[in-house]
1. In this structure, does R41 turn out to be in contact (Cβ under 8 Å) with a residue 12 or more places away in the chain, more than 8 Å from the ligand (Cβ to nearest atom) and over 24 Å from S146 (Cα atoms)?
2. Got at least one residue in region 209-217 being within 16 Å of the ligand (Cβ to nearest atom), surrounded by 14 or more Cβ atoms within 10 Å (Cβ to Cβ) and of a type in the set (D, E)?
3. Select, from A349, A313, A287, the only residue that is open to solvent by less than 20 Å² (accessible area, probe 1.4 Å), over 30 Å from T253 (Cα atoms) and not aromatic (F, W, Y).
4. Cβ-Cβ distance below 6 Å, separation of 6 or more or different chains: which pairs start in region 224-235 with a residue that is part of a loop (DSSP other than H, G, I, E, B) and end on one that is open to solvent by less than 30 Å² (accessible area, probe 1.4 Å)?
5. Looking at (1) more than 16 Å from the ligand (Cβ to nearest atom); (2) of a type in the set (A, V, I, L, M, F, W, C); (3) open to solvent by 70 Å² or more (accessible area, probe 1.4 Å), find the lone condition where W72 falls short.
6. When residues of region 88-132 are filtered for being on the phi > 0 side of the Ramachandran plot and open to solvent by less than 20 Å² (accessible area, probe 1.4 Å), how many remain?
7. Which residue pairs have Cβ atoms closer than 7 Å, lie 6 or more positions apart in sequence or on different chains, and pair a first residue in region 179-194 that is within 17 Å of V213 (Cβ to Cβ) with a second residue that is modelled with pLDDT under 95 and hydrophobic (A, V, I, L, M, F, W, C)?
8. Of all residues in region 159-196, count the ones that are within 29 Å of L344 (Cβ to Cβ) and touching a Pro at 6+ places or on another chain (Cβ under 7 Å).
Amino acid sequence: MAETPLAKIIRQRIEQLGPMDMGEYMALCLGHPRYGYYMTRDPFGASGDFTTAPEISQMFGEMIGLWIADVWMKMGSPSEFILLECGPGRGTLMGDIMRSTRTLPGLHEAARLYLMEMSPVLQKAQKARLGTYDPIWIDGLEALPSAVPLIVVGNEFLDALPVRQVIRNGASWRERVVTIDQDGMFCFGEKEADLFLIEAARKTGGREDVEGVVEVSFILNQFLKNLFLLLKKQSGIALFMDYGHECSGVGETLQAVQSHRFTSVLDFPGDSDLTAHVDFENVGRIAREGGLVCHGPVTQSRFLRELGIEVRAERLMKGANDVQKRDIESSLKRVIDTEQMGSLFKVIALSYDPKMTLEPAGF
Ligand code: SAH
């Protein structure tokens with residue numbers, strides 16, 4: 001098997017510096033400036049590696065648009081607010097959000113659109129799709145203006161943030177690493193886990209007597225802490241949709257996908273998508289520790305149904321031909337059916353408003 005260019009770089013680093021933790025490995029695989037997975041391609045759609053709810057159906061973004069319109073009004077229709085999307089992909093979700101909120105007086109005038117996106121290729125796609133709304137691209141939350149309320153959305157963003165893996169076995173905690181075997185191939189190894197990591201893993205590892213792999217994402221935890229500080233200071237709400245579990249606990253979820261198939265995490269560094277399931281209990285815990293109110297998590301199916309996706313599908317069907325009807329029906333199924341995305345995907349919202357009375361729809 002030919003080695004990817006990124007594999008060569010990772011191999012050199014391991015030879016020079018020793019085994020690499022999974023977090024560093026994942027961060028390089030996705031975000032290496034030259035060879036990182038997202039930095040070099042548009043991975044979505046049938047010809048790509050995977051697809052996402054906004055790419056499957058315009059109704060997904062329309063429901064999120066409705067949700068945003070509702071919370072904006074419940075926030076008192078502020079005359080200026082930050083509308084931030086984290087990891088906007090092709091810009092499809094935000095395109096559908098903007099289209100479906102066009103007719104609500106005042107919302108577009110009040111929204112300052114910010115996109116947090118690390119990939120130059122995807123930034124270009126977002127510019128083509130969303131250029132008319134004058135978005136501002138940012139690298140991190142510190143670039144956002146202060147003293148303005150926020151509405152934040154992220155679909156399949158949190159799952160792309162690098163995780164480290166700790167193996168708990170009785171009283172022993174070891175960290176999983178990537179190293180090189182006798183034949184010169186990448187393989188998994190273990191090293192002693194540092195105290196910082198063990199402490200974090202204790203919080204999310206569930207029952208101490210259960211053996212297995214505990215995943216910890218310092219990057220996700222820090223991102224959420226920073227976001228929640230902003231929300232607390234400037235008020236507003238964040239909505240995240242992703243696949244993951246409602247409760248913390250052991251479980252190895254780091255996975256690699258290429259051309260719609262699972263592959264080994266170590267086989268194609270930089271050429272396959274790496275993700276890890278989101279621990280929604282952890283997200284809620286960090287929000288509460290930061291003084292925010294947590295709504296959900298609920299399943300994507302329930303959230304979209306509460307917002308009226310089935311009624312929307314019926315409306316669209318009325319003006320559609322037979323081919324379009326079949327397409328509407330099958331894409332609706334894909335996003336809400338429990339065997340498809342409906343129950344593996346969860347939705348959570350985290351809010352702060354001075355009166356603590358904001359009740360977003362869908363929960
Ligand atoms: N939300 C889109 C795309 C999901 S894929 C959709 O649902 O279709 C993940 C997205 O997050 C991509 O746009 C990727 O480039 C971006 N991304 C991943 N890690 C990031 C990081 N650390 N900072 C900014 N963007 C990131």
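The values are calculated or read from the model by the stated rules, or taken from the named source; none is laboratory data. Small disclaimer: the values here were computed from a predicted structure and weren't measured. Cβ sites come from the backbone with ideal geometry, for glycine too, and all protein chains shown count toward neighbours. The protein model used for the area step is the full one, side chains on, heavy atoms only, and it has no ligands, DNA or RNA in it. Shrake-Rupley method; radii C 1.70, N 1.55, O 1.52, S 1.80 Å.
1. Details: in contact (Cβ under 8 Å) with a residue 12 or more places away in the chain: yes; more than 8 Å from the ligand (Cβ to nearest atom): yes; over 24 Å from S146 (Cα atoms): yes.
So R41 fits the description; yes.
2. For region 209-217, residues within 16 Å of the ligand (Cβ to nearest atom), surrounded by 14 or more Cβ atoms within 10 Å (Cβ to Cβ) and of a type in the set (D, E): absent.
3. After applying the criteria, what remains is A313.
4. S235/P149; S235/D353
5. Among (1) more than 16 Å from the ligand (Cβ to nearest atom); (2) of a type in the set (A, V, I, L, M, F, W, C); (3) open to solvent by 70 Å² or more (accessible area, probe 1.4 Å), W72 violates only (3).
6. Selection size over region 88-132: 2.
7. These pairs meet every condition: A193/W173.
8. Residues meeting the conditions: 2.
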